[in-house]
Amino acid sequence: MIKVSLLVNPLAGKGKALSVAKELQIFLNQLNAETDLLVPESRSEVNEVISNSLNSGIDRLITVGGDGLINQTVNVLAETDTTLGIIPVGTGNDFARSLGLDSGGLFEQAQKALSSAVKVDLIKCGSNFVATSAICGFPAAVNMRANELRFPKGSSSYTVATLMELPVMSPSTYKIKLDGNNFETKAAAVIVANTAYFGGGMKICPAANPSDGLLDVCIIGDVGKFDLLRSFLKVRTGDHVDHPKVSIFEALEIEITGTGIIRGDGEKLGDLPIKIAVKKGALNVAGGDCRPPGRG
């Protein structure tokens, strides 16, 4: 019998995550898994709860929540042998979406969470690990605004936050180093991506493969407000990459110098400047499919 801990963010899924976890326990028991329910009382307790669970000798940890909970979890599980299972019930669920773990009913998701693991890369952003993307400029402001909104929830919050932030958007000047290639650019956004999706299902880097040992870098250049909005309307399908002021690069190491904050997996990581690197195969994810979703 496999020994599993379920780590739950009780606020995720509009407060439904705990009931989802209890139903999930039933399915996991049917699949011959011994489960232990972990419900931290606060965000500050998550790391300790995970560490205690790992010390108890579990075979894998399954998160029931969103990208924020995954971010905290990978910062404990990174470069360990413990496998992560994912039950997506958060606002964005971009990491699960990028790995094909957001489809099917709860029983099918339970099966995936107990299936064989794949090796997935992570972003090392300063001292933090990031699963999906690290963002600067306009999308960082949108992400922060979306997190502050009480209504609407889900992916719609990113649309509303985009419209709220657009009037005050102003491109910034960044010095960027990609594997030794230095350049300066004026940009509305700089996104360093491990996976295709960010912002609740926007396909910011359509070709990103979280197992290829490379990071994708999307730079949205010196565009006006209308042009930026038009580009972001195309991000859902990945067609923004055809815009003449959108550039996509690949790199192992990135340095970004400028002003402003940097966010990762929906969480604030700190302020610029920042050094970023890929950590190949740093995380084991149950049932993950690392093939890029492509465009369309």
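The values are calculated or read from the model by the stated rules, or taken from the named source; none is laboratory data. Values in this document were obtained by computation on a predicted structure and should not be read as measured data. Cβ atoms come from the backbone with ideal geometry, glycine included; neighbour counts cover every protein chain shown.
Can you confirm whether ALA188 is free of Cβ contacts under 8 Å to residues at least 60 places away in the same chain and either under 16 Å from LYS234 (Cα atoms) or touching a His at 6+ places or on another chain (Cβ under 6 Å) (or both)? In short, yes.
Cβ-Cβ contacts under 9 Å between residues 6 or more apart (or on different chains), taken from a first residue in the range 157-171 that is farther than 17 Å from CYS136 by Cβ and assigned by TED's automatic domain parsing to the domain that holds ARG145 to a second residue that is of a type in the set (A, V, I, L, M) and not in a helix (DSSP H, G or I), are listed as SER157/LEU149; VAL160/LEU149; MET164/LEU149. Condition check for SER116 on (1) surrounded by fewer than 24 Cβ atoms within 10 Å (Cβ to Cβ); (2) touching a strand residue (DSSP E or B) at 6+ places or on another chain (Cβ under 6 Å): one failure, at (2).
Can you tell me which residue is nearest to THR132 (Cα to Cα) among those in the range 246-292 that are assigned by TED's automatic domain parsing to the domain that holds LEU228 and acidic (Asp, Glu)? Taking the candidates together, the pick is ASP265.
For (1) buried (at least 19 other Cβ atoms within 10 Å of the Cβ); (2) more than 25 Å from GLU108 (Cβ to Cβ); (3) modelled with pLDDT of 95 or more, each residue gets a yes or a no:
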| residue | (1), (2), (3) |
| --- | --- |
| VAL4 | yes, no, yes |
| ALA17 | yes, no, no |
| LEU28 | yes, no, yes |
| PRO40 | no, yes, no |
| ASP59 | no, no, no |
| ILE62 | yes, no, yes |
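Only one of the numbered conditions (1) surrounded by fewer than 16 Cβ atoms within 10 Å (Cβ to Cβ); (2) touching a Leu at 6+ places or on another chain (Cβ under 7 Å); (3) of a type in the set (Val, Ile, Thr) is violated by VAL217, and that is (1). No other residue among ALA131, ALA140, ALA146 is among the hydrophobic types (A, V, I, L, M, F, W, C), surrounded by 23 or more Cβ atoms within 10 Å (Cβ to Cβ) and at pLDDT below 90 apart from ALA146. Assessment of the range 136-151 against the conditions (in the same structural domain as ARG263 (by TED's automatic domain parsing), within 25 Å of LEU283 (Cβ to Cβ) and assigned to a strand (DSSP E or B)) yields at least one matching residue.
For the range 182-198, filtered to residues that are part of a loop (DSSP other than H, G, I, E, B) and not polar (S, T, N, Q), the residue that is surrounded by the fewest Cβ atoms within 10 Å (Cβ to Cβ) is ALA188. Yes or no: PHE226 assigned by TED's automatic domain parsing to the domain that holds SER133, over 15 Å from the mean Cα position of the chain (by Cα) and either at pLDDT below 95 or on the phi > 0 side of the Ramachandran plot (or both)? Yes: the conditions hold for PHE226. Considering only the range 95-113, I want to know if a residue exists there that is of a type in the set (Asp, Glu), touching a helix residue (DSSP H, G or I) at 6+ places or on another chain (Cβ under 9 Å), buried (at least 23 other Cβ atoms within 10 Å of the Cβ) and not in a strand (DSSP E or B). There is no residue in the range 95-113 that is of a type in the set (Asp, Glu), touching a helix residue (DSSP H, G or I) at 6+ places or on another chain (Cβ under 9 Å), buried (at least 23 other Cβ atoms within 10 Å of the Cβ) and not in a strand (DSSP E or B).
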